[in-house]
Amino acid sequence: MKWIVTRYPKPSGQLIALGAILSDPEDPETRLNWHSTTDIDPKYLIDESTAVQRVIHAGISNDDHIMLKLTQLLGGGLNASGGAKDDRKTTIDAVDVEAKTFLPDKKYMNACMETPEVQEYVKKCNFSKTLYMIIGVASANKLRIREESSKQRSAGVGVTASYPGGLDLGTVGGCHKNTQTTVSEMGTEQKCDFAYRIREFTYWKYRREKVKMKADRNAGALFRTGNTENDEGYDDSDDSDNDAYENVALFNELKEVDVSRSNETVFYFET
């Protein structure tokens with residue numbers, strides 16, 4: 001189970017929520033169903049508080065180490081080398097952690113897909129876009145996140161000397177190093193959501209015939225046009241009877257594993 005820690009925790013329930021659909025898994029502000037989420041039957045909720053607390057209390061931290069080195073041979077036995085070392089460490093301290101997860105079924109997913117904001121987003125895309133659903137949320141009554149990064153730059157020059165006869169006298173030279181360290185820290189004394197689990201899901205695009213119903217509602221037959229793996233979209237301008245049909249998206253499949261981070265600056269932990 002992979003938990004992504006948001007860089008800017010929000011008051012509980014405002015942005016990060018079970019059933020929230022995102023267009024970017026690492027940015028909760030790309031949530032599509034801002035104003036509505038489908039209710040979850042409490043019997044389907046799984047309490048992961050103990051597992052998350054165990055990791056937090058064990059001293060959770062991420063250490064990212066990047067080392068780059070370049071050596072360039074110059075003319076006349078002169079060589080120069082440069083190094084770049086970036087160390088980044090993030091630690092998190094949370095009090096009174098509460099974590100809930102769930103695995104949505106097809107009925108729940110289809111209900112979420114019917115949200116107007118989600119349907120509108122899909123309709124605007126000529127090609128199917130990847131969507132994600134939050135399936136786990138961790139909150140805390142008190143939170144502190146500390147980020148420390150250090151950058152070390154080095155440069156050196158060496159000269160290789162030798163007698164005309166070919167005897168190598170070795171290399172002499174000097175090296176200069178410069179290290180910069182920055183520390184940032186944030187915290188809150190009120191309950192907030194600070195981490196979430198998220199999974200990718202696929203959907204089908206359908207053409208639906210509009211049928212005027214009471215209360216100005218639409219219903220009709222569905223015609224599948226493709227899925228998120230190979231759907232090339234559907235251009236409404238190709239139909240002479242656009243007023244009689246509309247594009248809709250229906251749930252297809254929820255991936256079996258949590259999304260892994262693609263950005264090295266994103267902090268996450270596993271339970």
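Just so you know, all these numbers are worked out from the coordinates, no wet-lab data involved. Worth saying up front: this structure is predicted, and the values here are computed from it rather than measured. Reconstructed Cβ throughout: ideal geometry from the backbone, glycine too, with neighbour counts over all protein chains shown.
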request  = Beyond 29 Å between alpha-carbons counts as too far, so tell me which of LYS106/LYS191; LYS43/LYS129; LYS43/LYS205; LYS107/LYS129; LYS2/LYS142; LYS106/LYS142 fall in that bin.
outcome  = LYS106/LYS191; LYS43/LYS129; LYS43/LYS205; LYS106/LYS142
task = Show the residues, 5+ positions off or on another chain, whose built amide H is closer than 5 Å to the amide H of LYS10.
result = ASP193
remark   = Between SER49 and LYS142, the two model label points (7 Å from Cα along the beta-carbon direction) sit apart by a distance in nm of 1.7 nm
